[in-house]
Amino acid sequence: MSVHYETGTYLLTSLKQDTATHISNHIHEWRCRRHLIKFKIDDQFLTEWFTKSFIALIARDIARGGCVIEEKAITHA
């Protein structure tokens, strides 16, 4: 059975943290999906999508950090 991976941005914009998912597991999943996308995406979009992928409390904390680069947002999370 072959697996087809969507290589568009839907891989990232559809990721949503569940309340039972630990932050580190969610970040790991984000990074795995991110590596499947083979084209350049502006850091502003990546940071916004990353932040929105978390539950509200964590998303607010990340947003308050004022991060505009994806890796800084990941570190802040």
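The values are calculated or read from the model by the stated rules, or taken from the named source; none is laboratory data. Remember, it's a predicted structure, so these values are computed and weren't measured experimentally. No Cβ is skipped: glycine too gets one built from the backbone with ideal geometry, and neighbour counts run over all protein chains shown. Protein only, heavy atoms only, side chains kept; ligands, DNA and RNA dropped before computing areas. Shrake-Rupley method; radii C 1.70, N 1.55, O 1.52, S 1.80 Å.
At a glance:
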item	result
Verdict on Arg60 being basic (Lys, Arg), open to solvent by 50 Å² or more (accessible area, probe 1.4 Å) and at pLDDT below 95	yes
Some residue of region 40-49 being without any contact (Cβ under 8 Å) to a residue 60 or more places away in the chain, under 18 Å from Tyr10 (Cβ atoms) and of a type in the set (Lys, Arg)	yes
Pair list, Cβ under 9 Å, 6 or more apart: region 1-23 residue more than 21 Å from Ile74 (Cα to Cα) and modelled with pLDDT of 90 or more, other residue open to solvent by less than 40 Å² (accessible area, probe 1.4 Å) and not acidic (Asp, Glu)	none
Restricting region 33-55 to residues that are of a type in the set (Ser, Thr, Tyr) and closer than 16 Å to Thr21 by Cα, the residue that is surrounded by the most Cβ atoms within 10 Å (Cβ to Cβ)	Ser53
